[in-house]
Amino acid sequence: MTVPPEFSRPSTSPFTIAVIGGGIAGLSLTLGLLQHQISVTLYEAASKFGEVGAGVSFGPNASRAMKLISPRIFEGFENRATRNQWEDKSQVWFDFRYGESCGGKRTIGEKIATLECEGGQASVHRAHFLDEMVQLLPDGVAKFGKRCVGYEQDGRHVVLKFSDGSTAEHSAAIGCDGIKSKMRTELLGGDNPASKAVYSGKYAYRGLIPMEKAEKLLGEELAKNSQMYLGNHGHVLTFSIEKGRTMNVVAFSSSEQWEKEDWVVPMKKEDMFRDFEGWGDSVKEILSLTEKPDIWALFNQPHASTYYKGNVCLIGDAAHATTPHQGAGAGMAIEDSYILCNLLAEVKSAKGIEAAFRAYDAVRRPRSQKLVTTSREAGQLYEFELEGSDPEAIRVNLLQRMDWLWKHDLTADLAEAKEILNKSV
Ligand SMILES: Cc1cc2nc3c(=O)[nH]c(=O)nc-3n(C[C@H](O)[C@H](O)[C@H](O)COP(=O)(O)OP(=O)(O)OC[C@H]3O[C@@H](n4cnc5c(N)ncnc54)[C@H](O)[C@@H]3O)c2cc1C
């Protein structure tokens with residue numbers, strides 16, 4: 001595919017931006033900056049764009065943010081996205097059901113609530129979505145094998161240092177280097193407790209079941225449409241991926257500590273069965289059919305008191321890595337990109353960049369940190385740690401808890417951020 005003209009016009013900005021990290025945050029930001037003809041170089045530690053990762057869901061706020069940056073990003077997502085397979089489930093995010101009987105108090109499989117949103121459950125493999133964005137990127141913008149290990153700045157310039165011994169100078173740098181961000185540690189200071197992610201108390205088994213097998217086991221409705229099975233200190237979710245050919249399984253459980261150094265480790269099936277002992281037969285059968293499972297420890301970042309210092313700024317997981325319980329971390333990164341590329345488009349010289357970062361921080365930090373907090377709570381809600389197992393209390397909580405996230409007006413945020421920027425210039 002030839003790169004669309006809106007991403008390949010010559011830059012007109014009197015400054016240059018370095019983007020550190022080429023995940024969903026870094027790529028969406030880079031495309032946004034190119035559209036505004038801002039000179040940008042993306043530095044990625046790996047030797048090519050990532051193939052690691054798994055399914056990511058996007059809510060309506062994320063779809064709107066994609067369209068606002070560029071309809072082509074949204075088209076790329078749509079090309080690869082899988083939704084619920086039944087037409088009348090097309091707006092359903094999840095059907096929530098009991099996964100266990102809670103000592104005989106509840107009926108296994110009984111529906112507690114159905115939560116709907118515009119577009120319903122919509123997920124994509126991270127690598128496929130990255131591929132779609134990479135196709136829009138002109139040659140030469142991304143540099144690979146560039147692991148940033150530190151930087152220095154003097155108010156006008158940022159000098160990046162890479163692990164291969166090389167350096168690069170730009171007017172500003174934006175850390176999009178994910179949950180283990182080096183840019184964040186440098187910006188906040190290594191001894192700041194907010195500089196590193198903390199274990200959330202939850203981990204997840206992730207695996208796949210071919211749809212034919214899932215359908216035989218669960219019946220068509222439960223196999224082909226997104227379900228969440230709730231229980232004490234655990235929950236299991238299933239949804240279609242690969243255009244309905246496969247059922248994705250994510251089974252969450254709890255522990256006080258995460259002892260291992262790695263956050264993603266191969267699993268033993270007996271550990272998984274032990275965690276879900278006493279659950280209903282259908283959940284146990286889902287787990288027994290799960291192929292290629294591994295365990296992901298779920299970390300999130302403590303709230304940082306700022307997302308910028310001078311001409312260095314953080315977005316995406318580098319700024320606000322969250323647990324996945326509201327399916328919204330990557331969407332938040334795309335929202336960040338929309339606001340930040342538009343603010344930088346207003347900047348007339350390198351001297352004005354810090355004011356754009358300040359306006360971004362003022363508007364984005366409260367919203368993205370609210371996600372980190374409410375996402376942790378959502379995990380507790382699904383695992384009867386917030387409202388117990390009472391169906392009415394859970395339903396009331398579920399049916400309103402995503403409104404602030406999904407129905408948010410991002411263009412109003414941009415207007416507010418521009419006002420903050422204009423006042424400070
Ligand atoms: C189990 C699980 C399930 C999830 N499910 C969802 C979901 O359903 N919906 C959702 O919206 N979100 C979900 N998320 C969160 C989502 O995956 C992240 O929020 C999102 O991928 C963050 O994107 P990012 O670009 O900020 O970071 P990353 O995807 O981590 O990208 C960082 C990039 O920076 C590079 N890099 C790292 N360090 C350096 C360095 N020093 N120098 C240069 N490059 C560097 C990396 O190689 C990588 O390419 C989930 C997360 C987990 C763990």
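Between the residues I334, L29, I73, the greatest Cα displacement towards the positive end of the dipole of the chain, with unit charges on the Cβ of Lys, Arg, Asp and Glu, is found for L29.
Quote the charge dipole size of the chain about the Cα centre in Debye, to the nearest 20; the model charges only the Cβ of Lys and Arg (+1) and of Asp and Glu (-1).
On the way: 49 positive and 56 negative charges, 176 e Å.
Computed charge dipole of the chain: roughly 840 debye.
Compared with the dominant principal axis of the Cα atoms in the chain, helix 353-382 is inclined by about 10°. Phi angles of segment 40-49 translate, via the Karplus equation with coefficients 6.51, -1.76, 1.60 and θ = phi - 60°, into HN-Hα couplings of 9, 10, 9, 10, 10, 5, 6, 7, 7, 5 Hz per residue; Gly and Pro are given as x. Put simply, the amide H of A321, placed in the peptide plane, has neighbours under 5 Å in Q301, leaving out anything fewer than 5 places away on its chain. Summing charges over neighbours of E215, with a neighbour being any other residue whose Cβ is under 12 Å away from its Cβ, gives +1 when K and R count +1 and D and E count -1.
Within the same chain, lysines fewer than 8 places from K268 are excluded, and of the rest, those with a Cα less than 30 Å from its Cα are K180, K196, K202, K213, K216, K224, K243, K260, K284, K292.
A straight chain from E118 to K351 at 0.36 nm per residue would run longer than the Cα-Cα distance by 79.8 nm.
About its Cα centre, segment 295-425 has a charge dipole of approximately 620 debye under the convention of +1 per Lys or Arg Cβ and -1 per Asp or Glu Cβ, with nothing else charged. If I take R0 = 35 Å and measure r between the Cβ atoms of D154 and V265 in this structure, what FRET efficiency does the formula 1/(1 + (r/R0)^6) give, to the nearest 0.05? Efficiency, from the Cβ-Cβ distance: 0.25. Output the 0 to 90 degree angle, nearest 10, between the alpha-carbon long axis of helix 71-80 and the longest principal axis computed from the alpha carbons of the chain. That helix lies at roughly 30 degrees to the long axis.
For the charge dipole of segment 202-307, defined by +1 on Lys and Arg C-beta atoms and -1 on Asp and Glu C-beta atoms about the Cα centroid, which residue among F252, L218, L230 has the Cα displaced farthest towards the positive pole? My answer, from the dipole projection, is L218. Considering only L42, I241, A122, the residue lying farthest towards the positive end of the dipole of the chain is L42, judged by Cα position with unit charges set on Cβ. Backbone amide hydrogens, once placed in the peptide plane, bring A122 within less than 5 Å of F58, excluding anything fewer than 5 places away on its chain. Using the beta-carbon distance between E291 and E416 and R0 = 56 Å, what value does 1/(1 + (r/R0)^6) give for FRET efficiency, to the nearest 0.05? For R0 = 56 Å, the calculated efficiency reads 0.75.
A simple spin-label model places the labels of E87 and E212 2.7 nm from each other, with each point 7 Å out along Cα-to-Cβ. Straightening the chain between D191 and N397 buys 70.4 nm, computed as 0.36 nm per residue apart minus the Cα-Cα spacing. Within the set of other residues whose C-beta is less than 9 Å from the C-beta of I73, count the net charge using Lys and Arg as +1 and Asp and Glu as -1. Net of charged neighbours comes to 0. Secondary-structure-derived ellipticity at 222 nm for the chain, considering helices only, amounts to -11000 deg cm²/dmol, per-run term -39500 (n - 2.57) for DSSP H runs with n ≥ 4.
Backbone amide hydrogens, once placed in the peptide plane, bring M402 within less than 5 Å of nothing, excluding anything fewer than 5 places away on its chain. Heavy atoms only, probe 1.4 Å: what % of the accessible area of the chain goes to carbon and sulfur, would you let me know? Ligands and nucleic acids excluded, carbon and sulfur reach 49 percent.
Across segment 293-303, coupling constants 3J(HN,Hα) worked out from phi with the 6.51/-1.76/1.60 Karplus curve, θ = phi - 60°, read x, 9, 10, 10, 6, 9, 10, 9, 8, x, 5 Hz, and Gly and Pro carry x. Summing Lys and Arg as +1 and Asp and Glu as -1 over all other residues whose Cβ lies under 11 Å from the Cβ of C117 gives a net charge of -2. Rolling a 1.4 Å probe across the protein heavy atoms gives segment 30-149 an accessible surface of 41 Å² per residue.
The values are calculated or read from the model by the stated rules, or taken from the named source; none is laboratory data. Model, not experiment: these values are computed from the prediction. Note that we place each Cβ from the backbone using ideal geometry, even for glycine, and neighbour counts take in every protein chain shown. The accessibility values were calculated without ligands, DNA or RNA, using every heavy atom of the protein model including side chains. Shrake-Rupley method; radii C 1.70, N 1.55, O 1.52, S 1.80 Å.
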